[in-house]
Structure formats: C-alpha cells, structure tokens
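Just below is one structure, and these are the notes that go with it.
Read-outs throughout are calculated quantities, based only on the coordinates presented, and are distinct from any laboratory measurement. In this text, all values refer to a predicted model and were calculated from it rather than measured experimentally. Note: ideal-geometry Cβ built from the backbone for every residue, glycine included; neighbour counts use all protein chains shown.
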Ligand code: GFB
C-alpha cells in the first residue's frame, strides 16, 4: 500500500515539474494547486477594496459633484493611511435626475462619468472605476453583484431639535418606513442601487451620522468587507472644505474634452473669444496648473440666470426678469461690453422677455444641435454652459445656486481676478443678498 502511494506521489511530482508548476500553499485561495504567478495575482485581487455611494434622490447635478469631492478627499486620506489594501471608488452612474427632462436627449439613465468628465484626470487624484467596469470585475461571472455592506446615513433629528451638534456615528435600528432596502432572504437585501436589478447587499445598516466623511473610516472594516456602500453620502461633511486638498480634488474634475471643444467652438464663432486672446490657456494636465490671477476672459458678460424651481424655492433672492435685465444693463455699460451670454434653465418665452429689455446688446444663449443633446444629454449641455460662463470677462450668478458655485470654482482655477467672479443677481437694485466667496487655495 505504502509503495503505491509513493509511486503516485512521485508521478504527480514529475507531472508538475514537466508542466513548470510548483506545489505551494497559496493562502489567497487556500489551496495547494496554484503556481506562484497565479497565486500572486489572486493575492493582489484579495487586496482590492471598493467603496460605493449614492446621494439623496432629489439632489441635482451640481450638489452631486460636490459630494464627489467629499468622498474623493476621504479616499485620498484613506490611501495615505492604509497601505494594506488597494482602495477604489466606484463612480455611481448618472441618471433619473429631476431636472433632466429634455425630450430629445434620449435615455438619461445609467450614464457613465466619462460622458461628462475626463476619467484620466480623476484617476490622477484617486483610483476610480466606472460602475459598469466594476460590475465586470466584481461579478462572479453570472452578472449578479452582491455588495458586502450598505450603510444608510441618517441625520440625528434630535440634534436638529436641540441645536446641539456633535459628532455621531452610531448603528441604529432602521425605521421601516424610511428604508428603501428590503430583505429578500437571510443575508440578501434588494434596494434602489442606482436602478440596477442585479445588485443586492449581504447586509444593510442604518447609521445615525453627524461629522466629516473621514469619520466613516471605521465603518469600512476591510478585513471583513470587500465592498462597502454609503447611501445618503451628502450627509457626511467635507473634511477640508476650501483647503488645498479640496481644490486638488476639485481641479481633478476636468470635463470630457469633447465638451471643451464644443464650448471653444461656440466662443470663437459667436463670442469672439479664444484662449490665446483671453489669456485662459491651461496646461493639459491639471497637476501642472499654477496659481495665477491674470486671466482676461472673452469680450462678453455671462450670467447664470436660474429660474424654474428656484423662483419658488428662493423667492426672496431671485429677481424678476425686468429687474435682472436692469442690473445686467448697468454692469454691461460699466464694463463697456455689448455682448451678453445667458446660461439659463428658463422657458424660451422668459429668455425672449429678457432679450426684449436689452435691445441695444447682442444677447445669446447656447442652443445644442440634435446630435449634441442626444450624445451629451442635459448634463453635458449644462457643462457647456458652465464652460462658456467660466471664460467670460465678467460673471454674474444666481445666489445660492450650486450651478453658479461650480462656475465660480472653474473661474478660480482658470485664474480670473476674484472681483470678476463672485457677483450675483440681486432681488432688486436696492435689495441684495451677500454673495459667498470661496477663493482657490494652492
Ligand atoms: O445643478 P443643480 O443642482 O443646481 O440643478 P441648483 C439645476 C439643474 O437645472 C442643472 C438645470 O443640473 C441643469 O440640469 N440648469 C440650471 C441649467 N441652470 C441651467 C443653465 O444655466 N443651463 C443649463 N443648461 N441647465 C438646486 C436643485 O439647483 O436647487 C435642488 O438641484 C433644489 O433640487 C435646489 O431645487 C433649491 O443648485 O441651481
């Protein structure tokens, strides 16, 4: 019996040696059968960890972009702290936004970030992966994705009642009615998951949370979870709002180069504006940008004139169309400009009304071709408007609109003098809210 076993052992050894493989114990797969190359690939994969997130459904495009900056800075800090694991941020697909209702834009769900942003630029700040790519690498071949843990961030209502705010990170029972996730079976939850049907989670926890994003490090538990999702990520605050790190993350959010090209073409054709003449040339790589304040901008004034839901939600600060026109006229005359670029979500008749008050000027807005709206959707058109505003000699925005804030940030990055950027339309010439000023830090 012993000699048969010996013969078998020697035969296996010969087969292994002639095949060039080795018998070694591979901890990653808990087997003896792997050769060392395969084993190191497995080991490497074992170190991959994925963070996913989602934002309160009604929030718009530009607040969502701000939430990205929060989580990007969070991940950057994590990578610095923890070298044991390879951390990646999964980019939540865009879609189903309340404001994105253009009928000729085709489907506006599950849009990848590459539609709007330059992924290479994002990668230069942190490791990001589009959702569809994550699904390929993470699924076990059958296209089903099972996340290890979902945390639903919730405000502590008590703090809002008492006005006493302190950091909190506490797993609590999930109130049934607030839970958009439901149990399918033991260790399997279905939920909204960016409207994907093939995604579930093994565990769902509600987290009463107050504090900055980095307070969530402790919830990651990478020796237990490979993938963790945070829902309602907008509840976590910036770790470093307005700091150098904040601005690095923000600067990495360059747009899809095709959107810059469309805006460039429009500026040259209709606004007599080029980067050479306007002193707005930027290095191709955002990490090579430097602090400057000498951008001149194209010979036009740009206004972001927010209407629709803002007229109701921000009654106290949004001017009538006539009031807006009179403020714009005054500034145009001041600056000796006769071209006005209007970025707006206004109805066409509102835009015509604005124009009717300003007959002495050339008043323009960007109108996308069928091809552009179909390819880049409402989000892409919004970005084109933002790029054109960010290259104007002078910019006036809408008080407290995150759409305006993103333009102001872009102008700070390009290098305009602050006084040409942080201006807002007033309710009336006499009644004006104070504009916030978040200047860039290098
Ligand atoms: O981006 P956003 O959150 O900015 O929402 P606010 C406004 C959306 O409306 C944009 C469209 O994403 C665009 O789709 N939009 C607004 C525009 N202005 C323009 C424009 O000038 N050009 C183009 N092309 N599109 C928040 C809302 O809006 O205001 C919240 O998201 C809430 O739901 C809050 O209503 C009061 O910060 O301006």
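Before moving on, here are some points about what is shown:
- Residue among 249, 201, 114 with the largest mean-square fluctuation in a Gaussian network model of the chain, springs linking Cα atoms under 10 Å: 114
- Where a label projected 7 Å from the Cα of residue 428 along Cα→Cβ would reach, residues of the stretch 394-417 with amide N under 20 Å: 399
- Separation between Cα centres of the stretch 379-435 and the stretch 315-367, rounded to whole Å: 14 Å
- Within the stretch 43-244, percent of DSSP bridges classed antiparallel, to nearest 5: 30 percent
- Residue with peak Gaussian network fluctuation, the chain [Cα springs, cutoff 10 Å], from 64, 308, 250: 308
- Between residue 287 and residue 198, the modelled labels are 3.4 nm apart [label points 7 Å from Cα along Cα→Cβ].
- Among 61, 341, the order by Cβ neighbours within 10 angstrom, fewest to most, reads 61, 341.
- Protection proxy ranking of 377-385, 390-398, 254-262 - average other beta-carbon atoms within 10 Å, highest first: 390-398, 377-385, 254-262
- q = 0.09, 0.13 Å⁻¹, the stretch 256-420: log10 I(q)/I(0) [Debye, one scatterer per Cα]: -0.29, -0.61
- Dividing the helix sum by the residues of the chain, where each DSSP H run of 4 or more adds -39500 (n - 2.57), gives a mean residue ellipticity at 222 nm of -11000 deg cm²/dmol.
- Here residue 438 and residue 329 are evaluated by their C-beta separation; at R0 = 35 Å the FRET efficiency comes out at 0.80.
- Nearest 10 degrees, 0 to 90: helix 402-414 Cα axis against the chain principal axis: 90 degrees
- Cβ crowding within 10 Å averaged over residues, with 409-417, 191-199 ranked highest first: 409-417, 191-199
- Taking all Cα pairs closer than 8 Å and separated by 6 or more residues, the relative contact order of the chain comes to 16 percent.
- FRET E, pair residue 173, residue 103, Förster distance 45 Å, beta-carbon r, rounded to 0.05: 0.55
- For the stretch 237-293 versus the stretch 98-141, the gap between their alpha-carbon centres in whole angstrom: 21 Å
- A viscosity of 1.567 mPa s and a temperature of 4 °C, combined with the Kirkwood radius over C-alpha pairs in the Stokes-Einstein formula, give the chain a diffusion coefficient of 52 µm²/s.
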